[in-house]
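In what follows, a structure is listed as structure tokens, so that the remarks can point back to it.
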Amino acid sequence: MINLIDELEKAYNGDTWHGSNALNLVLQADPQKVFTHPIPNAHSIAELVLHLTAWTEEVLDRIEGKEAKSPLRGDWPMPIEKSEQEWEMIVKDFSSANERLISLVNNFMPSQWSNIVKDKRTPELGTGVNNSQLINGLVQHHAYHSGQIALLLKF
């Protein structure tokens, strides 16, 4: 059986099979370059980290029993100042959200993994995902965007 807590920890700050974990990549980034767009029509590293943070926070909300919605920050929050201080805050928020989520799921009772997330998208069908599927999706989301960050680090 797959240990989703272990998978989440790996995606954030562990030994991943696909390459560097998300935090390692974020910490490698040059604060002078994180707001640039070296690939036309692609997101910057800062935008990707803000997006990852927004969705990690949304997953936290859902696991805490709040209804599914778009992230409070928005799907693709944009940097404001584009300064080293802002980058430090972006990294801090990313770390904080992931550490809070890992702590929360570490304290799950086994039955909580099958709890259905409150989801208004198709309430008449009773469809949605459970906490296990939600965390698995976030692990995949981290891996996908970590690959994008890894590519941008090469520029």
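We did not get these values from a lab; they are worked out from the coordinates using the rules stated. Everything numeric here is computed off the predicted structure, so don't read it as measured data. Heads up, the Cβs are rebuilt from the backbone with ideal geometry, glycines too, and the neighbour counts pull from every protein chain shown.
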Take the chain, connect every pair of alpha-carbon atoms lying under 10 Å apart with a spring to form a Gaussian network, then pick out the residue of Leu138, Leu50, Leu104 with the largest mean-square fluctuation.
-> Leu104
Return the single residue from Trp87, Trp17, Trp76 with maximal mean-square fluctuation; model: Gaussian network over the chain, springs between Cα atoms under 10 Å.
-> Trp17
In the chain, if every C-alpha pair distance is counted and binned at 5 Å from zero, what percent goes to each bin?
-> 1, 9, 19, 21, 19, 14, 9, 5, 2, 0
Computed over the chain: relative contact order in percent, which uses C-alpha pairs under 8 Å that are six or more apart | 32 percent
Among Asn131, Asn115, Asn107, the residue with the largest mean-square fluctuation in a Gaussian network model of the chain built from Cα contacts under 10 Å is Asn107
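Any idea what the alpha-carbon Rg over 2.2 N^0.38 Å comes to for the range 10-59? Walk me through the numbers on the way to the answer.
Values: Rg = 11.9 Å, N = 50, 2.2 N^0.38 = 9.7 Å.
With N residues counted in the range 10-59, Rg over 2.2 N^0.38 Å equals 1.22.
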Could you let me know the centre-to-centre spacing of the range 5-35 and the range 76-155, using Cα atoms, in angstrom?
-> 13 Å
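Before rounding to the nearest 500, sum -39500 (n - 2.57) across all DSSP H runs of length at least 4 in the chain and divide by the residue total; then give [θ] at 222 nm in deg cm²/dmol.
Value at 222 nm, helices only: -17500 deg cm²/dmol.
State the extension gain, in nm to one decimal, for the chain segment bounded by Asn41 and Met78, taking 0.36 nm per residue of separation less the distance between their alpha-carbons. Mind dumping the intermediate values first?
Working: separation 37, 0.36 × 37 = 13.32 nm, distance 1.44 nm.
Stretched fully, the Asn41-Met78 segment lengthens by 11.9 nm.
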Charges only on Cβ, +1 for Lys and Arg, -1 for Asp and Glu: so what's the dipole of the chain about the Cα centre, in debye to the nearest 20?
-> 260 debye
Straight-line reach from Lys92: which lysines have Cα under 20 Å away, leaving out those fewer than 8 places along the same chain?
-> Lys10, Lys33, Lys82
